[in-house]
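The structure appears below as structure tokens.
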Amino acid sequence: MGIKVGIIGCGSITKTRHAPEYLANPYVDSIVFYDRNLHRSEAMVEMFGGTVAQSVEELFADPDITAISDCSSNENHRYFSTQALLSGKHVLCEKPISLTLAHAAEILSAQKKSGKKLMVDHNQRFTLAHQKAKEILASGELGNVLTFCTAFGHAGPEAWGINKTNSTWFFKKERSGFGVGGDLGIHKIDLLHYLLDDEIVQVSAFQGALHKVDENGEAIEVCDNLVCSLVTEKGRLGNAAFSWTYYGEEDNSTVLYCEKGIMKIYHSDDYQLEIIMQSGEKVNYQLEAIQTNDNQTNSGIIDAFIDSIRLDHEPLVTGEDALKSLKVILGIMEAAETKQVVTIEKESLLYQ
């Protein structure tokens, strides 16, 4: 008997990632789509098959649905992911897990109470280059990471989003919360935690709405560019830049400067991973093409989520992992707004 899944929200992330990857997974046999705009869920059924739910409550009440993808806009994760878990469904929640620590704690509390799986879509961990980078760093052949720099930028969500206009919810503060920080930045924070096996504990940052305008031609309410300096618990120093105004090509690169050499990830068109040893020796890896907005490849996140349900193991990106990344993004936004260095509180948020 295959797994029946529900998807909440039928925007671009459902169309390009969740629906096709569920369809390709051999253990999933049907999808139920819900969107408050009925025509969007009907369009998904036309593309991918499956059925339409008339209400989100219908999804939660369906005893045959095992798992739900929460692909709603950021401010709604608190409600939909919490209710899905409490209705006995495993949940894959889009990032960021929520807009506040208190709302994230509600979701984690629901997961604990329900005993169901909660996974958050920090999919940078799953690319072949990042998996290989993790393996090389763990082997110790480059020694410890000392410093790092990372970037994530593209031409903006208005071309990617479902409505293809400047009225996109990504530009609305009450819905997206953090602008480019919550869209792209949080991905790289999670990746740094993963690659370094470390946590960011101190941040400073600058932000700006440098170029994007809303549907009225006014500067957007959230940042379209964000640059920050980061310090980790183990004393590493790094910087990061996140942008919605990289108009020539996307940048998803990370460079790690280690005791015995340098690791460059997605820095070259030819090699997704480059190692330059202190001796001058170079090792290049051709692994895959990076996912971009124009080149959507299987992210691996759906397969990993289904495996965690099927094989009953902890998801590879837990709610706690997502909470740590959210804490850092909140700290970065505070640092940018106050022009102060902000310390990220390590004490775990209490949730029952």
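The values are calculated or read from the model by the stated rules, or taken from the named source; none is laboratory data. On a predicted model such as this, the values are computed, not experimentally measured, just so you know. Neighbour counts run over all protein chains shown; Cβ positions are idealised from the backbone, glycine included. Remember, those area values only see protein heavy atoms, side chains included, never the ligands or the DNA or RNA. Shrake-Rupley method; radii C 1.70, N 1.55, O 1.52, S 1.80 Å.
Listing for the model above:
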{"read-out": "Modelled FRET efficiency - R0 41 Å, residue 234 with residue 36, Cβ distances, 0.05 increments", "value": "0.35"}
{"read-out": "Charged-residue dipole, Cβ positions (Lys, Arg, Asp, Glu), segment 207-349 about Cα centre, Debye nearest 20", "value": "660 debye"}
{"read-out": "Accessible area of segment 61-110 belonging to carbon and sulfur atoms, whole % at 1.4 Å probe", "value": "52 percent"}
{"read-out": "5 angstrom amide H check on residue 258, placed H, neighbours 5+ away", "value": "146, 263"}
{"read-out": "Helical segments meeting 27 Å axial Cα length and Kyte-Doolittle 0.0 threshold in the chain (DSSP H)", "value": "319-338"}
{"read-out": "For segment 124-191, with +1 on Lys and Arg beta carbons and -1 on Asp and Glu, the positive-most of 146, 168, 133 along the dipole", "value": "168"}
{"read-out": "Carbon/sulfur fraction of accessible area - segment 137-208, other protein chains in place, 1.4 Å, %", "value": "55 percent"}
{"read-out": "Rounded accessible area of residue 282 (nearest 10 Å², 1.4 Å probe)", "value": "140 Å²"}
{"read-out": "Accessible surface, the chain, averaged per residue in Å² (probe 1.4 Å)", "value": "43 Å²"}
